[in-house]
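The values are calculated or read from the model by the stated rules, or taken from the named source; none is laboratory data. From a predicted model like this one, the values you see are computed outputs, not experimental measurements. As a convention, Cβ positions derive from the backbone with ideal geometry for all residues, glycine included, and neighbour counts pool all protein chains shown.
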Amino acid sequence: MDYQPAREDMVDAQIARRGIQDERVLEAFRTVPRHLFVPTKDRGRAYADSPLPIGKGQTISQPYIVAYMTDLLKLQGDETILEIGTGSGYQAAILGELAAEVHSIERHKKLANTAQKCLAQLGYDNVHVHLGDGTQGLPEFAPYAAVMVTAAAPIVPRPLLDQLEDNGKLIMPVGERFGQVLELWQRQGEDFNSQRLVPVAFVPLLGEHGWD
Ligand code: SAM
């Protein structure tokens with residue numbers, strides 16, 4: 001089955017029409033085969049305007065939310081990025097199209113393995129999946145130009161802020177267990193600016209600096 005027309009429609013109707021204009025971002029969404037990151041039985045719904053289950057009670061986010069969070073990072077192509085919550089690996093692949101190196105951490109071994117396999121088969125040699133508690137970040141490859149967290153916590157984990165480079169950005173859902181606000185943080189020397197953006201609903205970030 002040819003999924004390219006569905007992918008083009010997703011980009012036009014769900015992403016570009018809702019205001020994402022960066023051509024590099026749009027091209028990344030035209031390129032990454034989202035249907036290969038969802039369970040085989042759900043491939044027919046891979047380009048729908050909604051999140052989808054990926055196993056272990058987790059989800060791949062709605063395409064527009066992935067695009068919105070990606071667009072906020074304003075990536076130029078030479079950055080090293082940290083993602084927390086690899087899940088299916090789809091967001092990591094999108095970041096891999098737009099940045100030089102992507103490190104992505106997942107706490108579920110099965111999800112990490114499946115994502116890693118899919119990314120390797122598609123040739124994303126610049127995307128590295130790590131198994132572990134992402135709330136602690138990944139100090140060995142820090143500092144990062146951007147940190148994207150795709151699960152929600154009551155507050156932004158301090159280690160993730162500490163691992164940002166100067167002017168680096170962090171995007172993450174912050175709030176209650178069943179409803180949060182997307183927050184954008186930017187490092188300025190030893191200080192941080194933060195903005196609260198839009199309401200969202202993400203699965204919980206579990207770990208030392210997240211939910212129990
Ligand atoms: N970015 C993913 C994608 O493109 O498919 C979607 C991520 S899903 C909404 C959130 C993921 O965060 C889940 O796979 C969950 O297991 C993971 N997660 C939750 N807490 C974590 C932690 N402390 N460290 C790493 N991953 C975590």
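Some notes on this structure:
- Which numbered condition residue 59 misses (of (1) assigned to a strand (DSSP E or B); (2) touching a helix residue (DSSP H, G or I) at 6+ places or on another chain (Cβ under 8 Å); (3) near the ligand (Cβ under 9 Å from one of its atoms)): (2)
- Test for residue 46: is it among the small types (Gly, Ala, Ser), within 20 Å of residue 138 (Cβ to Cβ) and either touching a helix residue (DSSP H, G or I) at 6+ places or on another chain (Cβ under 8 Å) or touching a residue at least 60 places away in the same chain (Cβ under 8 Å) (or both): no
- Yes/no for residue 171 being under 13 Å from residue 72 (Cα atoms) and either in contact (Cβ under 8 Å) with a residue 40 or more places away in the chain or within 16 Å of the ligand (Cβ to nearest atom) (or both): yes
- Given (1) farther than 21 Å from residue 205 by Cβ; (2) touching a helix residue (DSSP H, G or I) at 6+ places or on another chain (Cβ under 9 Å); (3) of a type in the set (Val, Ile, Thr); (4) more than 10 Å from the ligand (Cβ to nearest atom), number of the condition residue 38 does not satisfy: (4)
- Residues in the range 94-108 that are more than 9 Å from the ligand (Cβ to nearest atom) and within 16 Å of residue 134 (Cβ to Cβ): 95, 102, 103.
- Options 177, 196, 158, 107; residue that is crowded, with 20+ Cβ neighbours inside 10 Å and of a type in the set (D, E, K, R): 107
- The range 41-56, subset away from the ligand (no atom under 13 Å from the Cβ) and of a type in the set (D, E, K, R), residue surrounded by the fewest Cβ atoms within 10 Å (Cβ to Cβ): 41
- Taken over the range 96-112, residues that are in a helix (DSSP H, G or I), of a type outside the set (D, E, K, R) and either out of contact with any helix residue (DSSP H, G or I) (no Cβ under 7 Å at 6 or more places or on another chain) or within 20 Å of residue 207 (Cα to Cα) (or both) amount to 3.
- Strands (runs of 3 or more DSSP E) fully within the range 113-212 that include at least 3 residues being at pLDDT below 95 and more than 23 Å from residue 101 (Cβ to Cβ): none found.
- Test: residue in the range 127-135 that is in contact (Cβ under 8 Å) with a residue 24 or more places away in the chain, crowded, with 18+ Cβ neighbours inside 10 Å, within 8 Å of the ligand (Cβ to nearest atom) and over 30 Å from residue 40 (Cβ atoms): yes
- Of all residues making up the range 62-93, the number that are near the ligand (Cβ under 8 Å from one of its atoms) and β-branched (Val, Ile, Thr): 3
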